[in-house]
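Please read the structure below before turning to the comments.
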Amino acid sequence: MTWVTVDRPTSEELDACVQCGLCLPVCPTFRLTGRETASPRGRLQAMSAIDSGIVPLDETFAGIIDFCLGCRACEPVCPGLVPYGRMLEGARAEIVSQVPGRKRLRKWLQGSAIPSRSVMRAGAGLLSLAQSLRLTGLAPKKYERIIGGARRLRGRPGSSIGHVGGSGEAGTVGLLSGCIQDQWFRPVNQAAIKLLEMAGHRVEAPSAQTCCGALAAHDGRAAEAHRMAATNVGAFRDYDIVVATGAGCSAHLAGYGHWDDDGEIVGEVSVDITVAVARAIEDGRLPALDTPRGEMAIQDPCHLRHAQGVTLEPRRILEAAGYKVVETDEVAFCCGAAGLYSTLQPEASAQLGNQKADQIRSTGVTRVASANPGCEMQLRSYLEDNYEIAHPIEWYLAALVEELEGGITSE
Amino acid sequence: MTLLSDLRQALGNENVLEEPLELYIYSKDASLMRGEATFVVFPQSAEQVATVVQIAASHNVPIVARGAGTGLTAGASPTEGGIVMVTTALNSLEIDSDNRTAWVGAGVINLDLSTAAAPFGLHFAPDPSSQSACTIGGNVANNSGGAHTLAEGSTTSHVLGLEVVLADGEIVVLGGQAPDSPGLDVKGLIVGSEGTLGIVTRALVRLLPIEPEVRTLLLDFPTVEEAVATVTEIIAAGMIPAALELMDQRMTTAVEKWLHAGLPIDAAAVLLAEVVGERESVESEASQIGEIGRANGARDVQVATTEEHRALLWKGRKSAFGAMAQLAPDYYLHDAVVPRTKLVETMRAIYEIADRYELTLLNVFHAGDGNVHPLIAFDASEPGINERVHKAGDEIVSACLRVGGALSGEHGIGLEKRDLMRMAFTEIDLDAQARLKEVFDPTGLFNPKKVLPDGSRCFDFGGVRREVPEGAWV
Ligand SMILES: Cc1cc2nc3c(=O)[nH]c(=O)nc-3n(C[C@H](O)[C@H](O)[C@H](O)COP(=O)(O)OP(=O)(O)OC[C@H]3O[C@@H](n4cnc5c(N)ncnc54)[C@H](O)[C@@H]3O)c2cc1C
Ligand code: SF4
Ligand code: SF4
């Protein structure tokens, strides 16, 4: 028995790899270990071995695939255009279907918490209470890193779902609230709504939407991922633009073609919030400020830079806010957050987290821009408290507000 | 004790792989040939390499060294079984900026060395297209070259010393800081020996200053012949540009689809030229090259004005092999060298051979030193195609040798080109090489059956190495 699901890595996908090895040096897990078995080429070879029935799909295969971050740094450097991220999701789906005990392990690890809104909300409420009482140390060990890196929340959590507003001369945006953003990173969604409306969009966050399904897909829960994609295709198919505020979500929306027959309809018009805001700045629908605000260290989320090729946009936004952008990592290695990775592979995750934190520290800049909630949490948990970390659009909005208020006082 | 327990005891369990899937992953390099690894080991020091060599010898199991596995001739494929010894943990790096040298672990990636040397204004000159991935050990073993070999020479010109583990497990240092060490140049023998004489653990390499000015030009031509004629004339004019690289139309099309570098895909050939040095000479050479190109029929001469543009043009060239994956799932590649003056006629002959065998052939190569890289793109699952590909390959090599060329410019012989050695060398030559191999490696421990065809030794009874009976080491 080789593959059993429709999501399997296909032979055509596998044939695209010519084993040139050019993807090795950009792969964080290869760099950590120096091992082909922890490299993109090695993982593809492993998939080929399963595909041709040379070895059974067992724990060894699962271990090799589990150690992958899913950062997709291997894709943009690949001259064969191997769709690695897609194949990884397929391999994970196969593991969950075929390797005994996998399904349960994963369920336990996330306590089914992440995709379910009500549990998320309860979690967020408890978390803000625990944080204000400084009780985070009481959280189950397995969540320590995640919670340690969560934002300090104030007041009652709420949701942007159901929001409708804005004029719409620049087109109507369907906003994917996202499960993590919606609860733990509300200010990012709020900033997105404000900026998109200022830029002339009508913004709607339809109630019929659900989690984008990225986490389910990355974890091999393919049936869920298909179901979520179908629900969202229904909720978003009539919008001019679909915007997500987490890089992981926008990358997943862009690949909806793999998850639903009509997925392309949404995939084609989906963009990350940084792209939508940068476009508005470029068209003059949002202002570029010229008051200098000092330096800003930037961190590129993998799913923005590697999966979507978006690098200029967050920089343009920060420049328009008056910041001088300071680069931290030329090759943009993964920070080690990678969904559940910090929980499943704590050692590798910690090595990458420390490495990233060191890169940021060495710039001497304590303001940091990161366009993805998972990365932000990871950075928070490895950097000291004096580092201010926020989404580029939050930095931009704050600058706008400051400028406006400054304008009022000077009058 | 079994081989496995010996290896584990010496290296620790975590540094020995034995699962079939893990072994499968280490069973080939970037070539088409797959072997079967007995075990995979990750020595952490030269001493551990020496221990593994002794263990392997006592169990009579061969060793195949492996760096990054980007080799194109199955050099690192364990085609005779044996222990695959991976060098990635040998990653020490000491730069001596005053002497412009560095002691570099065999597992250090070529480009990482140059990146580390950059703050001192230095770089490692050999720059194979795979430089972002391949290791110094692999470069030394294959005497690798690159686009800039034209002006600066291949790896051997940049290796001053080597630390090598020999077949008896002894660690020796060959050569050293002095530009011309006294005695026989044994280090020179190891460079290019493809892991058949010993295991390189560290190399003392020369670093060169980063050139103050660089100009990169892209010339496009309506015919391949005009491009080649331009190359010949540039050299004849007394210039040695840092690089002169040629890509034909099929190649630029494949690359462009992936890279969108703005390569002119309607040109029959494009020539990438780079000149380096002081501002004045760079400018005059660049304009001279442009003129020669135009006189020879170039439709357009582009000069990269920004560093980004230059990097993009080079990225296109350096990714050419991988971009082949767009055309067909498999490729077969030669890297013969022909005298520059014979390039035009050789190119014609190569195209004619491919047409006759009805094969898709692309060309991308170091035109400056006549190092051609005709690539055949094919789908190995097509019935009968393998035979056609190999026949065409052999004819291409003969055509190159006929005009006074050599079998390989830089990729090495490995297994893929091994049997072609007979076309290039006489029996006496091969015998001399086989004797040399025996001096270093009397029992055939290192990378058996690579480079030298069976029977190279005049008194050879069926191979130098006795076959290891199956199951002997487990
Ligand atoms: C896309 C692509 C482009 C390429 N372009 C070029 C090019 O422009 N020029 C060029 O010359 N080559 C090129 N190559 C070929 C290849 O990259 C080089 O030969 C490179 O030097 C191999 O290095 P490696 O670390 O991958 O070695 P491997 O493939 O791992 O090994 C190569 C050989 O060296 C031996 N070896 C490795 N390490 C040691 C050691 N420490 N001691 C003893 N023996 C050792 C192995 O046994 C094997 O025989 C290219 C390959 C690819 C895939
Ligand atoms: S870069 Fe692409 S083609 Fe090359 S080995 Fe990696 S996945 Fe395969
Ligand atoms: S997704 Fe990231 S970790 Fe996984 S193989 Fe690609 S580069 Fe490596």
Could you give the angle, 0 to 90 degrees to the nearest 10, between helix B:307-318's Cα long axis and the longest principal axis of the Cα atoms of chain B?
60
Hey, got the Cα dimensions of segment B:303-437 along the principal axes, in Å, largest first?
53, 37, 31
Take every Cα-Cα distance within the protein assembly as shown, group them into 10 Å bins from 0 onward, and report for each bin the whole-number percent of pairs it holds.
2, 11, 20, 23, 20, 14, 7, 2, 0, 0, 0
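Sorted by average packing, counted as other Cβ atoms within 10 angstrom per residue and highest first, what order do B:366-372, B:380-386 take?
Top to bottom by mean Cβ count within 10 Å: B:366-372, B:380-386.
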In Hz, Karplus ³J(HN,Hα) per residue of segment A:325-341 (6.51, -1.76, 1.60; θ = phi - 60°; x = Gly, Pro)
7, 10, 6, 10, 7, 4, 8, 6, 5, 4, 7, x, 6, 6, x, 7, 4
Quick check for me: using +1 on Lys/Arg Cβ and -1 on Asp/Glu Cβ, what's the dipole size of the protein assembly as shown about its Cα centre, in debye to the nearest 20?
2680
Under the rule of at least 5 residues apart or a separate chain, name every residue whose amide H is placed under 5 Å from the amide H of B:Asp300.
B:Asp220
What FRET efficiency comes out for B:Ser398 versus B:Ala236 if R0 is 35 angstrom and r is the Cβ-Cβ distance? Round to the nearest 0.05.
0.80
Hey, how much of the P(r) for segment B:213-321 falls beyond 24 Å, as a percent of Cα pairs?
17
Once the mean of 1/r over all distinct C-alpha pairs in segment B:93-209 is inverted, the Kirkwood radius in Å reads 14.0
Relative packing of peptides A:202-209, B:144-151, A:297-304 - highest average C-beta neighbours within 10 Å first:
A:297-304, B:144-151, A:202-209
32 Å Cα-Cα threshold exceeded, pairs from B:Lys187/B:Lys449; B:Lys391/B:Lys437; B:Lys257/B:Lys450:
B:Lys257/B:Lys450
So what is the calculated 222 nm ellipticity per residue for the protein assembly as shown, using -39500 (n - 2.57) for each DSSP H run with n of 4 or more, over all residues, to the nearest 500 deg cm²/dmol?
-12000 deg cm²/dmol
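Would you mind giving the mean number of other chain beta-carbons within 10 Å of the Cβ of each residue in B:193-202, as a whole number?
0
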So if I take the centroid of the Cα atoms in segment A:266-339 and the same for segment A:201-244, what is the distance between those two points in Å?
23
Longest exposed-loop-site-free stretch of chain B, with chymotrypsin sites (Phe, Trp or Tyr not before Pro), DSSP loop and at most 10 other Cβ within 10 Å?
B:1-458
Where does helix B:46-59 land angle-wise versus the long Cα axis of chain B, in degrees 0 to 90, nearest 10?
60
Excluding ligands and nucleic acids, what accessible area in Å² is computed for A:His218 using a 1.4 Å probe, to the nearest 10?
50
Antiparallel DSSP beta bridges within the protein assembly as shown, as percent of all bridges there, nearest 5
65
What's the whole-number percent of alpha carbon pairs in segment A:231-282 lying beyond 16 angstrom?
34
A:Asp358 versus B:Leu436, label points 7 Å from Cα toward the beta carbon: distance in nm?
4.3
Once the mean 1/r over all distinct Cα pairs of chain B is inverted, what Kirkwood radius in angstroms do you read off?
23.1
Mean Cβ count within 10 Å, highest first, over the residues of peptides B:64-75, A:16-27, A:240-251
B:64-75, A:240-251, A:16-27
Under a 5 Å amide H to amide H cut-off, with H placed in plane at 1.01 Å, what residues pair with B:Ile210 once short-range neighbours are removed?
B:Leu122, B:His123
Counting only other chains, and only Cβ atoms inside 10 Å, what mean value do you get across the residues of B:59-69?
2
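Using a 1.4 Å probe over the heavy atoms of the protein chains, calculate the carbon and sulfur portion of the accessible area of segment B:3-86 as a whole percent.
After summing per-atom areas, the C and S share lands at 45 percent.
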If you count, for every residue in B:25-33, the Cβ atoms of partner chains within 10 Å of its Cβ, what is the mean?
4
Computed over chain B: longest principal axis from alpha-carbon atoms vs helix B:343-356 long axis, angle to nearest 10 degrees, is 70
Once both labels are modelled 7 Å past Cα along the beta-carbon direction, what's the A:Ala398-A:Asp240 spacing in nm?
3.1
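The values are calculated or read from the model by the stated rules, or taken from the named source; none is laboratory data. All values reported here derive from a predicted model rather than from experimental measurement. We place every Cβ from the backbone using ideal geometry, glycine too, and count neighbours over all the protein chains shown. With ligands, DNA and RNA removed, areas are computed over all heavy atoms of the protein, side chains included. Shrake-Rupley method; radii C 1.70, N 1.55, O 1.52, S 1.80 Å.
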